[in-house]
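Q: Got a structure for you, written out below as structure tokens; questions coming shortly.
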Amino acid sequence: MKKPLAYLLVAAAVAIAVWMIAPRLIATSIPIPEGAPFTTGGVSVNPFNGTARLSDVTLLTQEPYEAPHVVHVPEITARVDVSTLMGSFIVVQEVLVRDAEIRIEQRGRNVNLLDVKRWVDDYLADADTTALPRVFVQEFRMVGTRGILHSDAGDRTFEMNDVVLRDLGSESAGTPVQVLAGNLLEPVLMEAIAEAGLGGRVRERLRGLLR
């Protein structure tokens, strides 16, 4: 089964790992599926103190793009309220994405982040919201993010503002992690596109995908 790490991590996507992968690993230790377009260097979970750590999380580049990767995150950490692990939903106290690198590649009208968003949408359209834990995320932080824009005009490096989101999901009943994906994906993607200095047409296309 595919997982939209692309976001967690583009949230980085980026997941995009935080809002999807970390809560699942803590709750169920589900392995990364064979053939998924991302890799991790290692996963450690301590259910006794409610912590998890993912290292070297990489969202791989897909054709027709040429950058070595879309997103690379040296470390993602999460803390959960251990008293909620056996309950109807999990309270994630903090998710921290450190020093992510997001590579935006624009070739003509094609932009890799837009294609990643479409891939995530395809996954979410088919996902079974009853198959994954429900979670409430008290705080999500993405700090120290560096971006690289690859375009026909050349390459440019830029720094992204930190992304901090709080109280994601239903505090009383939790929310399926797929639903939380939308809450995390939009601000990260918009921040990356804006800081890269891409034109208004690209931002409008992204807004269209996010609606």
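Any read-out appearing in this document is the output of simple, stated calculations on the displayed coordinates, not a laboratory observation. All of these numbers come straight from a predicted model, not from anything done at the bench. Positions of Cβ are generated from backbone atoms using ideal geometry, with glycine treated the same way; all protein chains shown enter the neighbour counts.
Q: If each residue of separation counts as 0.36 nm, what is the full-extension length gain between residue 161 and residue 107 once their alpha-carbon separation is subtracted?
A: Numbers: separation 54, 0.36 × 54 = 19.44 nm, distance 2.48 nm.
Roughly 17.0 nm would be gained on extension.
Q: Extension gain residue 39-residue 173, at 0.36 nm per residue separation less the Cα-Cα distance, in nm? Display every interim value, and only then the final one.
A: Details: separation 134, 0.36 × 134 = 48.24 nm, distance 3.18 nm.
So the chain would gain 45.1 nm between residue 39 and residue 173.
Q: If the chain between residue 88 and residue 148 were fully stretched, how many nm would it gain, using 0.36 nm times the residue separation less the Cα-Cα distance? Provide the component values of the computation, followed by the final result.
A: Values: separation 60, 0.36 × 60 = 21.60 nm, distance 4.09 nm.
So the chain would gain 17.5 nm between residue 88 and residue 148.
Q: What is the spin-label model distance, in nm, from residue 46 to residue 139 if the labels are put 7 Å beyond Cα along the C-beta direction?
A: Here the answer is 1.9 nm between the modelled labels.
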